[in-house]
Amino acid sequence: MWERGEQQPPLSRAAALALGRNGTGKRATGPGWRHACHVLLYAPLPAGSPPPGYAVLLRFDGRFGFPGGLVEPGGESLEAGLNRELREELGPAATGLSLRPHHHRGAKAWPVEGGGNGSDAGLVTHFYIRRLSWEELVAIERGGPRAPEHGLEVQGLVRVPLGEGLPAFLRHRFAGNAREQLLGGLAALGIRPPHNEEPTGDPQIQVAGEPLAPKLMGGERGGGMI
């Protein structure tokens, strides 16, 4: 297991699910490890829009973070849990998103011994990236107020300012490691903070040494847009 302060290597989906429980050898799906899944949803802007040409969604609940949440213990798969959370947080327009294993971009474990503390201890955070059409993204934004969790766990959705306002936006409060996940996801889209401000992105989205940009831009794969 990793020592406190040690840089943890990224975990693939399979490796995260095969983790032992604090070194005991029990599976990560058993008691002791909880799994949380979140997704970066993005869409290309309509033709003629200014660079960088993407819209990226975050949710706001007093802090900025990605849609998603905890997977229910006792048999719910990672993607089933994430899809359920998306319907609860984003409303009816999220029903057709259908996150699948190939949207998984990496995971990070927060052991009780070796780095985890407070609510993060014993948590495995999974990060997904899903490309939407422009119409899908707008439908999610408009349907957000009809989501079951709107006004409760989710106060609203925001688009990340990807131009001159990005450095100032990054100084807001983020939930967990959402800020690092955001920077890693933006880097995969070829977007860097302006004014030579280059905070370190979360390495967890680099899975098995495979660059993300070709996947993100590659269109159809496995029945869903990445």
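The values are calculated or read from the model by the stated rules, or taken from the named source; none is laboratory data. Quantities reported herein were computed from a predicted structural model and do not represent experimental measurements. In this analysis, Cβ positions are derived from the backbone assuming ideal geometry, glycine residues included, and neighbour counts consider all displayed protein chains. Calculation scope for accessible area: heavy atoms of the full protein, side chains included, ligands and nucleic acids excluded. Shrake-Rupley method; radii C 1.70, N 1.55, O 1.52, S 1.80 Å.
Summary of values
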read-out: Which listed residue is open to solvent by 30 Å² or more (accessible area, probe 1.4 Å), touching a helix residue (DSSP H, G or I) at 6+ places or on another chain (Cβ under 8 Å) and modelled with pLDDT of 80 or more, from Pro161, Pro203; value: Pro161
read-out: Search result, residues across the stretch 97-114 that are in a loop (DSSP other than H, G, I, E, B) and at pLDDT below 85; value: Pro111, Val112, Glu113, Gly114
read-out: Residues being open to solvent by 20 Å² or more (accessible area, probe 1.4 Å) and in contact (Cβ under 8 Å) with a residue 40 or more places away in the chain - total across the stretch 52-74; value: 9
